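Chemist: Quick one: the structure is below, questions incoming.
The values are calculated or read from the model by the stated rules, or taken from the named source; none is laboratory data. Note that the coordinates shown come from a computational prediction; the quantities given were computed from them, not determined experimentally. Here the Cβ is made from the backbone with ideal geometry for all residues, glycine too, and neighbour counts use every protein chain on show. Just the protein is used for accessible areas: all its heavy atoms, side chains included, with ligands, DNA and RNA removed. Shrake-Rupley method; radii C 1.70, N 1.55, O 1.52, S 1.80 Å.
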There are 4 protein chains.
Amino acid sequence: MTSFWSTALTQVRPNEIRVRGYDVAELMGSRSFGDVVYLLMSGELPSGREGAMVEAILVAGADHSVAAPSTAAARLVASGGAPLQAAAAAGIIALDAHHGGAMEALACMLQEALGTAAPPGERPGPAPKLPDDEIRRRAAAIVDEALAARRRLPGFGHPVHKRDPRTERLRVLAQEWGLYVPHFRLVDAIGGEMAARGKPAAVNVDGAIAGILSDLRLDWRISRGFYVIARAAGLVAHVYEQSVREKPFKAPSWSEIEYLGPGPRPVPCTDEPGR
Amino acid sequence: MTSFWSTALTQVRPNEIRVRGYDVAELMGSRSFGDVVYLLMSGELPSGREGAMVEAILVAGADHSVAAPSTAAARLVASGGAPLQAAAAAGIIALDAHHGGAMEALACMLQEALGTAAPPGERPGPAPKLPDDEIRRRAAAIVDEALAARRRLPGFGHPVHKRDPRTERLRVLAQEWGLYVPHFRLVDAIGGEMAARGKPAAVNVDGAIAGILSDLRLDWRISRGFYVIARAAGLVAHVYEQSVREKPFKAPSWSEIEYLGPGPRPVPCTDEPGR
Amino acid sequence: MTSFWSTALTQVRPNEIRVRGYDVAELMGSRSFGDVVYLLMSGELPSGREGAMVEAILVAGADHSVAAPSTAAARLVASGGAPLQAAAAAGIIALDAHHGGAMEALACMLQEALGTAAPPGERPGPAPKLPDDEIRRRAAAIVDEALAARRRLPGFGHPVHKRDPRTERLRVLAQEWGLYVPHFRLVDAIGGEMAARGKPAAVNVDGAIAGILSDLRLDWRISRGFYVIARAAGLVAHVYEQSVREKPFKAPSWSEIEYLGPGPRPVPCTDEPGR
Amino acid sequence: MTSFWSTALTQVRPNEIRVRGYDVAELMGSRSFGDVVYLLMSGELPSGREGAMVEAILVAGADHSVAAPSTAAARLVASGGAPLQAAAAAGIIALDAHHGGAMEALACMLQEALGTAAPPGERPGPAPKLPDDEIRRRAAAIVDEALAARRRLPGFGHPVHKRDPRTERLRVLAQEWGLYVPHFRLVDAIGGEMAARGKPAAVNVDGAIAGILSDLRLDWRISRGFYVIARAAGLVAHVYEQSVREKPFKAPSWSEIEYLGPGPRPVPCTDEPGR
């Protein structure tokens, strides 16, 4: 009989833990957490600055105050008395299609547009070296198609930031570290084509990360995982703050909830009482 | 300024709680939980046996032992020391597309095939009165299309039960209570057409519930909600049992986990130690 | 070797599902969901109106609008795009010590005061038949001890309801159905002793349920489970409403969040860049 | 009126995000994720190697294969079709008292024994400089008390590792980086005193982390948060692997679940059918 459980991630044996073949004790102190996150996700340790890039992404995503449904939710859950990890987990559940998920949709589009998309579980191929005008051409095709379909492009625009400071910084780092390659360039080109059509759309942090993770040859299906790890930090800190600074049971007041349903009405009789 | 929160479900005022306009105190003891679940989901109290049908569905879905990923997961989570409600919640998260979600996909198909589908948030229309051969014709169309596309039809087949005892019973109750109407009949007709094509496919409990909920004019998008409420009961009971009967930290043994990754390898040097 | 999994709750075999020995198909339609919840929690089917009492408790707890941290949290999580069951689960995580958990603390006190408390996993003993003045005496002892320790008694008072309509109704039903026995009487007597000391404290719905569940001989450690099942209904309905009525990403605006931390400051230099 | 929300963690304004006063764009690329986690938790950026120590802790906790209830649970939940972040969250819920929580209990003991414990939300005081024999004396007191009370000391022993490789490595790093100070020394001294009494107890990874976090002057109440952030990485990787490598609905087989409850029995009649 085969085992109920199998994995290619980590091997545990008495007094030994190996992540993708590497002794965890050897990784500790010699490699950054960003390196190890990259190792877990891609199967390999970085050969260049990939781990530093992951660290920058983790820092970028660590917290955005209570101005995020996940964080507000986690604090409310904590106020019910839930333990720290469970309240943080409640917030993490929120990180779906409309809350970080944009990076996934965009990464998918980028990888398809550059022919790097791979089947689930395989690494995307290396991005082709393309001249600027070819990048621009592919961006234009994406933009035209989205405009024709009246579809909003994921990874652009932000409710608070006209110019997302995290995007700017990620671009500078990618350029400095030789990681500003086709996918991220394509993201920027899409923004350019939008502007050229009179629809300026600033690349948001999800958009920048989608470009970087694709350039790092990571399956778009795992993109939101980086956000989960990053934001776990902020959520833990918020839940802790909630529990030490505020009173329990943080509920919206009944008088601040607008009721839109039917008015008072009597329960109709039934000849099967209780049914 | 408008309120941050609004709802048409329940109105709370000092000393008064009204669900869809009905005083909760008046509902208690005079109406079943099934009636109130139906009220919450549809907006109205049942006029006939709809609430009894909901109760039967809740009983059907209450527990399926540890032979379900949700229940096994909830027990593992409880063994880490998580409080009862949080461990049950972990199990509930599992009730997605492959674990009860079939009822949603099927209900959607049924409502489209019978022209009852409504936009999100609106109730599906009343099912048309159709003769048996017209039901059969629409079933045949669904089956042919699925076979041509080599697509598995949701709501049929079960890893354990060749004949799902819950399906049989739900059908009998629906017939007795005058609720065996077009959607459930269409489910059975699909099964019949599969068999007629030499691909016998027994209606499973998800399939039966998809039919009933559609006959009760409930949006297919909320179908899994009934399963969530039902299985909450079993999950609570399992988590409690886990915590009172077993030792903490129920982990698969390292020796029973097959490791499929790369063998031991040294961490390569880097000239940027710690990065 | 023994099995990794064991349970005394439900037995699954091909074409057969038995809850505590009872065929689930036989339970469906002949027994209420309240009966089956009672069966799962206590091990036995009700012999009297216990299941009807459970149904009334489930109706009482089904929804309290957005005026509860769990519900507000679940709606926020849904707005991130999380699937229905996962958003409801996020809300359920909140149902801890300060959000329904009061019933657990009070049930524990009641069972100890009446000598019915049992070890985890066993049913509390039947409540002794006690005359009113003996009930009053034990209530007085509990109140005096709490006042001396300046400890708030769980199960009394409510942020919105001076007189909780659910409490009143549960008392009437318990009396009608012959289930107004020592634990619930003790709850009321505690309220009376508080009032007699000039500290009127209305029994809230958690207090009433704590009394009833104890009278039903249910381990206080499982009390919150009833609330989990009940509120699952309201949470599912709210999450559905959120997803069909509102726009995605429901976040508090940055301008409505008070920031209390240190002002802007430059990142100090470090001689280990990137560390 | 005051704001419903307040926080001292992060300030968001248009085009600006400041964590504890520091511009997030300035932190990105110049500070490690470990530095920022330390900043979120303590309020200050590290002045020495504290952030590197946090990174080592995050690497240590990143994954332990399926040999942990959290990971097994997350994979089961993923198999139901739950989205990546929700399945990872289900696993995170498990990280309670018996699954990483030991570090919290031990950190509390250490901070009390060294007089550094602070009220919730405040930083523990700096550890006093104590000679070895005073450390040993306090360790002996802790051990004697635990043995007398037949209480198991948290942070010692492991189901798989006799000598936990992560503990050894954390000790070496702490020593190298000048962070092997009183709390960690006290953990080791407790191990020594246990051995001296013929009860050898190896410091496990939770024990080492409890010592380090206390030496970093972090409130013991937030300890498990570090584990949550670390393990989020492993959980994300496992959930992804589950979804790309395995079939849906990973359920224990009915034949491998031992049933311990009552045998088949008929549902007794009731004169209130359906109740």
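Chemist: So which residues in the range C:89-114 end up with at least 10 square angstrom less accessible surface once the other protein chains are there, compared with the chain by itself, probe 1.4 angstrom?
Modeler: Residues of the range C:89-114 that lose at least 10 Å² of accessible area once the other chains are added: C:Ala89, C:Ala90, C:Ile92, C:Ile93, C:Ala94, C:Asp96, C:His98, C:His99.
Chemist: Which distances in nm, rounded to one decimal and ordered from shortest, link the label point of B:Gln175 to the equivalent label points in the other identical copies, with labels set 7 Å from Cα toward Cβ?
Modeler: Spelled out, the distances from B:Gln175's label point are 4.7, 7.5, 7.9 nm.
Chemist: Turning to a different aspect of this structure: For the range A:60-167, what is the Kirkwood estimate of the hydrodynamic radius, computed as the reciprocal of the mean inverse distance between distinct Cα atoms, to one decimal in Å? Write out the running numbers ahead of the final one.
Modeler: Working: mean 1/r = 0.0595 Å⁻¹.
Its Kirkwood hydrodynamic radius stands at 16.8 Å.
Chemist: Can you compute log10 of I(q)/I(0) for the range C:1-99 with the Debye formula, treating each Cα as one identical point scatterer, at q = 0.14, 0.19 Å⁻¹?
Modeler: After summing over all Cα pairs, the log10 values are -0.79, -1.00.
Chemist: Give the Debye-formula value of log10 I(q)/I(0) at each listed q (0.07, 0.09 Å⁻¹), with one equal scatterer per alpha carbon of the protein assembly as shown, two decimals each.
Modeler: Log10 I(q)/I(0), no solvent term: -0.63, -1.07.
Chemist: Among B:Gln111, B:Gln175, B:Gln242, whose mean-square fluctuation peaks in a Gaussian network model of chain B (Cα, cutoff 10 Å)?
Modeler: Maximum fluctuation in the GNM of chain B, among the listed residues, is at B:Gln175.
Chemist: Closest approach to the D-C rotation axis by any Cβ of D: residue and distance in angstrom?
Modeler: D:Ala86, 2
Chemist: Under 10 Å, Cα contacts only: if you run a Gaussian network model on chain D, which one of D:Arg18, D:Arg185, D:Arg49 comes out with the highest mean-square fluctuation?
Modeler: With Cα springs under 10 Å in chain D, the top fluctuation among D:Arg18, D:Arg185, D:Arg49 is at D:Arg18.
Chemist: Considering every Cα-Cα pair within the range A:219-263, what fraction, in whole percent, is farther apart than 14 Å? Spell out each step's value before the answer.
Modeler: Numbers: 698 of 990 pairs.
That fraction is 71 percent.
Chemist: Let me ask something else about it. For the pair D:Val172 and A:Glu44, how long in nm is the line joining their label points, each one 7 Å along Cα→Cβ?
Modeler: Each label point lies 7 Å from its Cα, and together they span 2.7 nm.
Chemist: Roughly how large is the C-B contact in terms of buried accessible area, totalled over both chains, probe 1.4 Å, nearest 100 Å²? Walk me through the numbers before you get to the answer.
Modeler: Working: alone 16290 and 16280 Å², together 25490 Å².
Chains C and B together bury approximately 7100 Å².
Chemist: Can I ask one more? List, in order, the whole-Hz ³J(HN,Hα) value for each residue of the range A:133-147 obtained from phi through the Karplus relation with A = 6.51, B = -1.76, C = 1.60 and θ = phi - 60°; use x for Gly and Pro.
Modeler: Result, rounded to whole Hz: 6, 6, 4, 4, 4, 5, 4, 4, 4, 4, 5, 4, 5, 5, 5.
Chemist: Turning to a different aspect of this structure: Work out the FRET efficiency for A:Ser253 and C:Glu112 from their Cβ-Cβ distance, taking R0 = 22 Å, and round it to the nearest 0.05.
Modeler: Values: r = 36 Å, r/R0 = 1.61.
Given R0 = 22 Å and the Cβ-Cβ separation, E is 0.05.
Chemist: Continuing with this model, one more query. Could you tell me the distance between the Cα centroids of the range B:31-54 and the range A:213-271, to the nearest Å?
Modeler: About 28 Å separates the Cα centre of the range B:31-54 from the one of the range A:213-271.
Chemist: Averaged per residue, what accessible surface does the protein assembly as shown expose to a 1.4 Å probe, in Å²?
Modeler: On the way: 38020 Å² over 1100 residues.
Ligands and nucleic acids excluded, the figure is 35 Å² per residue.
Chemist: While we're looking at this one, here's another question. Please pull out the direction-averaged projected area of chain D, using the convex hull of its alpha-carbon atoms, in nm² to one decimal place. All intermediate terms of the calculation are to be shown ahead of the outcome.
Modeler: Working: hull surface 98.2 nm².
It is 24.6 nm².
Chemist: Could you point to the residue in A:Gly198, A:Pro248, A:Cys269 farthest towards the positive end of the range A:163-275's charge dipole, with +1 and -1 charges on the Cβ of Lys/Arg and Asp/Glu respectively?
Modeler: A:Gly198
Chemist: Could you look at chain A and say what percent of its accessible area is carbon and sulfur, using a 1.4 Å probe and all protein chains?
Modeler: Carbon and sulfur atoms account for 51 percent of the accessible area of chain A.
Chemist: Between C:Arg265 and A:Arg137, what's the calculated FRET efficiency when r is the beta-carbon distance and R0 is 56 Å? Round to 0.05.
Modeler: Working: r = 45 Å, r/R0 = 0.81.
My answer for the efficiency is 0.80.
Chemist: Which of the residues in the range D:49-81 show a loss of at least 50 Å² in accessible area from their chain by itself to the complete set of protein chains, at a probe of 1.4 Å?
Modeler: D:Arg49, D:Glu55, D:Val59, D:Asp63, D:Ser65, D:Val66, D:Ala67, D:Pro69, D:Leu76, D:Val77, D:Gly80
Chemist: Next question. Starting from the 7 Å offset along Cα-to-Cβ, what nm value, one decimal, do you get for the label separation of A:Glu246 and C:Arg245?
Modeler: Going by the 7 Å Cα→Cβ label model, 2.3 nm.
Chemist: Please give every one of the lysines within straight-line cross-link reach of B:Lys129, meaning a C-alpha to C-alpha distance under 29 Å, and leave out same-chain neighbours fewer than 8 residues apart.
Modeler: B:Lys199
Chemist: Quick one: putting +1 on the C-beta of Lys and Arg, -1 on the C-beta of Asp and Glu, what dipole do you get for the range D:190-275 around its Cα centre, in Debye to the nearest 20? Numbers along the way, then the final one.
Modeler: Working: 11 positive and 10 negative charges, 37 e Å.
Using Cβ point charges on Lys, Arg, Asp and Glu, the range D:190-275 gives about 180 debye.
Chemist: Could you derive backbone 3J(HN,Hα) for the range D:165-180 from the dihedral phi with the Karplus parameters 6.51, -1.76 and 1.60 (θ = phi - 60°), listing whole Hz in sequence and x where the residue is Gly or Pro?
Modeler: x, 6, 4, 4, 5, 4, 5, 4, 5, 4, 5, 4, 9, x, 10, 8
Chemist: I would also like to ask the following. Once the other residues with Cβ under 9 Å from the Cβ of A:Arg75 are scored (Lys, Arg +1; Asp, Glu -1), what is the net sum?
Modeler: On the way: positive: A:Lys250; negative: A:Glu241, A:Glu246.
Net charge around A:Arg75: -1.
Chemist: Let me ask you something else. Using only alpha-carbon positions, what ratio does the radius of gyration of the range B:175-275 give when scaled by 2.2 N^0.38 Å?
Modeler: Values: Rg = 25.2 Å, N = 101, 2.2 N^0.38 = 12.7 Å.
Here the Cα radius of gyration is 1.98 times the empirical estimate.
Chemist: For a quick check: with amide H placed at 1.01 Å from N, whose amide H comes under 5 Å from A:Phe156's, ignoring anything fewer than 5 positions away on the same chain?
Modeler: Residues meeting the amide H criterion: A:Asn204.
Chemist: If N is the number of residues in the range C:139-215, what value comes out of its Cα radius of gyration divided by 2.2 N^0.38 Å? Please list the in-between numbers first.
Modeler: Numbers: Rg = 12.1 Å, N = 77, 2.2 N^0.38 = 11.5 Å.
Output field value: 1.05.
Chemist: Distances from D:Ser255 to the same residue in each other copy, label points 7 Å out along Cα→Cβ, in nm, shortest first?
Modeler: 2.5, 6.6, 6.7
Chemist: Same structure again: Give or take rounding to whole Å, what are the principal axis extents of the alpha carbon atoms in the range B:95-152, in descending order?
Modeler: Here the Cα extents, ordered largest to smallest, are 35, 32, 15 Å.
Chemist: Between A:Pro131 and the same site in the other copies, what are the distances in nm, shortest first, taking label points 7 Å from Cα along the C-beta direction?
Modeler: So the distances to the same position in the other copies read 7.1, 7.9, 10.5 nm.
Chemist: Based on DSSP H runs of at least 4 residues, each adding -39500 (n - 2.57), what is the mean residue ellipticity at 222 nm of chain C after dividing by all its residues, to the nearest 500 deg cm²/dmol? Before the final figure, lay out the partial values.
Modeler: Values: 11 runs with 137 residues, N = 275.
Dividing the helical sum by the residues of chain C leaves -15500 deg cm²/dmol.
Chemist: Mind checking which lysines have their C-alpha under 20 Å from A:Lys250, skipping anything on the same chain fewer than 8 residues away?
Modeler: In chain and number order, the partners are C:Lys162, C:Lys250.
Chemist: For the range A:36-51, in order, what is each residue's ³J(HN,Hα) by Karplus, 6.51 cos²θ - 1.76 cosθ + 1.60 with θ = phi - 60°, in whole Hz (x at glycine and Pro)?
Modeler: Each residue of the range A:36-51 in turn: 6, 4, 4, 4, 4, 7, 9, x, 10, 6, x, 9, x, 8, 4, x Hz.
Chemist: Which of C:Ser253, C:Ser70, C:Ser32 ends up with the largest GNM mean-square fluctuation for chain C, with Cα atoms connected below 10 Å?
Modeler: C:Ser253
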